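Each remark here refers to the structure printed beneath this line.
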Amino acid sequence: MLDKHLFIYQSFYDVSQIAKLDSDSFIPLDNTANLTPNLREYAFFKKLYQKHRDTNHYWGIVSYKWKDKTGLEAGEFKKWILDNPGYDVYHIDPSLDVIQFKNNWIQGDICHQGMVDFCNHILPKI
């Protein structure tokens with residue numbers, strides 16, 4: 001059953017953010033001791049990937065701002081996944097009022113211009 005193989009983590013970066021977590025539906029993911037803040041979330045994405053890569057688990061990470069960003073109860077999202085098995089990706093876009101995004105990469109280019117500028121600067125040097 002998918003429910004036993006679904007792990008949705010909710011990351012937080014400061015103890016003041018714990019109050020915003022929905023620990024009834026999501027698994028708190030403590031990133032307060034981020035040893036590589038310049039790499040953003042890479043360290044815990046890598047750690048969770050290594051943890052789940054040889055399993056049949058569905059897993060993902062949401063922000064401590066989940067409710068503010070989506071307006072959804074965490075349990076609704078989890079239920080939606082459980083009620084719709086068989087997909088590789090489950091995605092909620094908080095920007096549905098801006099339908100111009102054909103995929104997550106385009107949304108990232110538009111909404112996270114600072115990261116795009118960083119990548120355009122650093123990738124040629126690599």
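The values are calculated or read from the model by the stated rules, or taken from the named source; none is laboratory data. All values derive from a computational prediction rather than experimental measurement. Note that we place each Cβ from the backbone using ideal geometry, even for glycine, and neighbour counts take in every protein chain shown. Note: areas computed on protein heavy atoms with side chains; ligands, DNA, RNA excluded. Shrake-Rupley method; radii C 1.70, N 1.55, O 1.52, S 1.80 Å.
Restricting attention to region 41-85 and to residues that are basic (K, R) and surrounded by 12 or more Cβ atoms within 10 Å (Cβ to Cβ), the residue that is nearest to S25 (Cα to Cα) turns out to be K78.
Among D93, D88, which is open to solvent by less than 50 Å² (accessible area, probe 1.4 Å), modelled with pLDDT under 90 and part of a loop (DSSP other than H, G, I, E, B)?
Numbers: D88 fails: open to solvent by less than 50 Å² (accessible area, probe 1.4 Å).
Going through D93, D88 in turn, just one is open to solvent by less than 50 Å² (accessible area, probe 1.4 Å), modelled with pLDDT under 90 and part of a loop (DSSP other than H, G, I, E, B): D93.
What tally of residues in region 19-40 results from selecting those that are farther than 20 Å from L72 by Cβ, touching a residue at least 12 places away in the same chain (Cβ under 8 Å) and open to solvent by 60 Å² or more (accessible area, probe 1.4 Å)? Result for region 19-40: 2. Applying a threshold of 6 Å to beta carbon distances and a minimum spacing of six or more residues, or different chains, the list of pairs starting in region 41-66 at a residue that is under 20 Å from S23 (Cβ atoms) and ending at one that is of a type in the set (V, I, T) reads G60/I8.
Taking A43, is it under 30 Å from I122 (Cα atoms) and among the hydrophobic types (A, V, I, L, M, F, W, C)? Even if it seems obvious, please write down each step before you answer.
Working: under 30 Å from I122 (Cα atoms): yes; among the hydrophobic types (A, V, I, L, M, F, W, C): yes.
Yes; evaluated as a whole, the condition is true for this residue.
Do we have any residue at all in region 57-69 that's more than 18 Å from Y9 (Cα to Cα) and either modelled with pLDDT of 80 or more or of a type in the set (A, V, I, L, M, F, W, C) (or both)? The answer is no, given that none of the residues of region 57-69 is more than 18 Å from Y9 (Cα to Cα) and either modelled with pLDDT of 80 or more or of a type in the set (A, V, I, L, M, F, W, C) (or both).
Selection of region 6-17 for residues being without any contact (Cβ under 8 Å) to a residue 40 or more places away in the chain and either among the hydrophobic types (A, V, I, L, M, F, W, C) or surrounded by 10 or more Cβ atoms within 10 Å (Cβ to Cβ) (or both) yields only V15.
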